[in-house]
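Colleague: What follows is a structure written as structure tokens; I'll ask about it next.
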Amino acid sequence: MYIRKISVLVGLAPLAMACGMSAAAAQTVLTVTHSSPADSHFGDAAVAFKDVLEGGTDGSVSVVIQRLDNEREALESVQLGSQECAIGSTGPLGNFVPETRVLDVPFLFNDYAHARGVLDGEIGQNLLAALSNYGLEGVAWLENGFRSLTTGSRLVESPEDLRGMKIRTMENPIHMQAWEAAGVLPTPMAFSELPSALQQGTVDGQENPIPVILSNNLDMMQQHLYLTRHVYSPGILVCNPDFVASLDDTQRAALTQAGAAAAAANRARVEKDETAGIETLRKRGIDVREVENRDAYREAMAGANAGFESEFGAETLQRIRNWSPE
């Protein structure tokens, strides 16, 4: 009797193990990276993405969130399939998908309603679809916000004061061309290198949206913040196309819903950080200056416009600038 019981248990053990292994194998693990702290606009997007995707698939897809500061590396990893998805800015995206560079043209959008309307409409959705030609699946447009300038000890009272200054930019040719036109020495570098560059004086300043400056404590390394709002900086959620194709219909539908949830959470956090963030930065000690004459910065960068019109077409740029709600 004793031997028989053992035999039965031993016989059941492989079956139990097989069932356990089968259940584990049935779960798909998705890694999504982003370039900001957990408590940030991208962090909120990642959490919303995880919650909706896992809930919409009854746990058959498990989402792992990781931080990766180098957004170019993240895009390369998604292309190669070594990670499934990534959340980040569009700064380096133009190096992979040239069509998206148009979104980085300075003073293209008037406000958030304008930018979101373009991205959520035909123009933005066509650009999102274009990613499929370059080994990426565009899931949803997110955002960083409007970019503003910060400097260390050097005070900037007009665009003329920027001449000869080294300003860290993203690895983005559109941003670099615009700053070059203004007489700046643009210094592209990965975001992960920025804090040490500011601390060591390798660069005189940098430009980023308020949510990025706030969540990464860049104000601790700078003395002045100028609300130039010269470029709207979109964000994006991308995935590997082969990974998306491997999902079943229910999982793909949940992925789309999760992308929409990520965008909503991201935009809500950007709005919160924009309204409260400037006052928080003031309280933390940085000198915040509203730029009354933004047209002066527009004119300073205007020397790059001919190149932008040549690359993207004057009609396309005008169509974006003239967008209005239907």
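Colleague: Please work out which one of (1) without any contact (Cβ under 8 Å) to a residue 40 or more places away in the chain; (2) under 13 Å from L136 (Cα atoms) is the condition V78 fails and give its number.
Modeller: The one condition V78 does not meet is (1).
Colleague: For V29, only one of the following conditions fails: (1) touching a helix residue (DSSP H, G or I) at 6+ places or on another chain (Cβ under 9 Å); (2) not polar (S, T, N, Q); (3) not in a helix (DSSP H, G or I). What is its number?
Modeller: (1)
Colleague: With the condition being among the basic types (K, R), I'd like the helices (runs of 4 or more DSSP H) fully within the stretch 227-309 carrying at least 1 qualifying residues.
Modeller: 249-283, 294-300
Colleague: Here's another thing I want to ask about it. Every residue in the stretch 80-98 that is buried (at least 18 other Cβ atoms within 10 Å of the Cβ) and either assigned to a helix (DSSP H, G or I) or acidic (D, E) (or both), please.
Modeller: E84, L93, G94
Colleague: Quick one: A304 ticks every box in (1) surrounded by 14 or more Cβ atoms within 10 Å (Cβ to Cβ); (2) among the aliphatic types (A, V, I, L, M); (3) within 21 Å of A113 (Cα to Cα) except a single one, so which number is it?
Modeller: Only one criterion in (1) surrounded by 14 or more Cβ atoms within 10 Å (Cβ to Cβ); (2) among the aliphatic types (A, V, I, L, M); (3) within 21 Å of A113 (Cα to Cα) is unmet by A304, namely (3).
Colleague: Continuing with this model, one more query. Sort out which residues of the stretch 59-72 are of a type outside the set (K, R) and either free of Cβ contacts under 8 Å to residues at least 40 places away in the same chain or part of a strand (DSSP E or B) (or both), and write them in order of number. Talk me through it step by step, then tell me what you get.
Modeller: So the first thing to find is which residues in the stretch 59-72 are of a type outside the set (K, R), and the list is 59-66, 68-71.
Of everything in the stretch 59-72, those that are of a type outside the set (K, R) and either free of Cβ contacts under 8 Å to residues at least 40 places away in the same chain or part of a strand (DSSP E or B) (or both) turn out to be G59, V61, S62, V63, V64, I65, Q66, L68.
Colleague: I want to confirm something. Restricting to the stretch 139-164 and keeping residues that are of a type outside the set (A, V, I, L, M, F, W, C) and touching a strand residue (DSSP E or B) at 6+ places or on another chain (Cβ under 6 Å), which single residue is farthest from L225 (Cα to Cα)? Steps first, answer last, please.
Modeller: If we filter the stretch 139-164 for residues that are of a type outside the set (A, V, I, L, M, F, W, C), which is where we start, we get 143-145, 147-148, 150-154, 157-161, 163-164.
Applying the additional criterion that residues be touching a strand residue (DSSP E or B) at 6+ places or on another chain (Cβ under 6 Å) yields 143-145, 147-148, 150-151.
Details: E143: 20, N144: 17, G145: 15, R147: 11, S148: 7, T150: 4, T151: 7 Å.
So, considering only residues that are of a type outside the set (A, V, I, L, M, F, W, C) and touching a strand residue (DSSP E or B) at 6+ places or on another chain (Cβ under 6 Å), the one farthest from L225 (Cα to Cα) is E143.
Colleague: Tally time: how many residues in the stretch 246-270 are among the basic types (K, R) and either without any contact (Cβ under 8 Å) to a residue 60 or more places away in the chain or in contact with a His (Cβ under 6 Å, 6 or more places away or on another chain) (or both)?
Modeller: Residues that pass the stated criteria total 2.
Colleague: Then there is this: Looking at E326 and the list (1) under 26 Å from G124 (Cα atoms); (2) loosely packed, with under 13 Cβ neighbours inside 10 Å; (3) modelled with pLDDT of 95 or more, which single condition is not satisfied?
Modeller: With respect to (1) under 26 Å from G124 (Cα atoms); (2) loosely packed, with under 13 Cβ neighbours inside 10 Å; (3) modelled with pLDDT of 95 or more, E326 is out only on (3).
Colleague: For the structure I just gave you, tell me whether Q222 is buried (at least 17 other Cβ atoms within 10 Å of the Cβ), modelled with pLDDT of 95 or more, in contact with a strand residue (DSSP E or B) (Cβ under 7 Å, 6 or more places away or on another chain) and under 26 Å from R154 (Cα atoms).
Modeller: For Q222, the condition - buried (at least 17 other Cβ atoms within 10 Å of the Cβ), modelled with pLDDT of 95 or more, in contact with a strand residue (DSSP E or B) (Cβ under 7 Å, 6 or more places away or on another chain) and under 26 Å from R154 (Cα atoms) - is met.
Colleague: Failed condition for T31, given (1) surrounded by fewer than 23 Cβ atoms within 10 Å (Cβ to Cβ); (2) touching a residue at least 60 places away in the same chain (Cβ under 8 Å), with all others met?
Modeller: With respect to (1) surrounded by fewer than 23 Cβ atoms within 10 Å (Cβ to Cβ); (2) touching a residue at least 60 places away in the same chain (Cβ under 8 Å), T31 is out only on (2).
Colleague: Any chance the stretch 103-126 includes a residue that's touching a strand residue (DSSP E or B) at 6+ places or on another chain (Cβ under 8 Å), within 17 Å of G235 (Cβ to Cβ), without any contact (Cβ under 8 Å) to a residue 24 or more places away in the chain and surrounded by 19 or more Cβ atoms within 10 Å (Cβ to Cβ)?
Modeller: Yes, there is a match, as at least one residue in the stretch 103-126 is touching a strand residue (DSSP E or B) at 6+ places or on another chain (Cβ under 8 Å), within 17 Å of G235 (Cβ to Cβ), without any contact (Cβ under 8 Å) to a residue 24 or more places away in the chain and surrounded by 19 or more Cβ atoms within 10 Å (Cβ to Cβ).
Colleague: When you go through T256, T280 one by one, which is the residue that is polar (S, T, N, Q), within 24 Å of G124 (Cα to Cα) and modelled with pLDDT of 95 or more?
Modeller: Residue meeting the stated conditions: T256.
Colleague: Can you name every residue in the stretch 50-71 that is surrounded by 17 or more Cβ atoms within 10 Å (Cβ to Cβ), among the charged types (D, E, K, R) and within 13 Å of the chain's Cα centre (by Cα)?
Modeller: Within the stretch 50-71, D69, E71 qualify.
Colleague: Further question on the same structure: Of the residues that make up the stretch 236-250, is at least one within 23 Å of D295 (Cβ to Cβ) and buried (at least 21 other Cβ atoms within 10 Å of the Cβ)?
Modeller: no
The values are calculated or read from the model by the stated rules, or taken from the named source; none is laboratory data. Nothing here was measured: the structure is a model prediction, and the numbers come from that model. Virtual Cβ from ideal backbone geometry, glycine too; neighbours counted across all protein chains shown.
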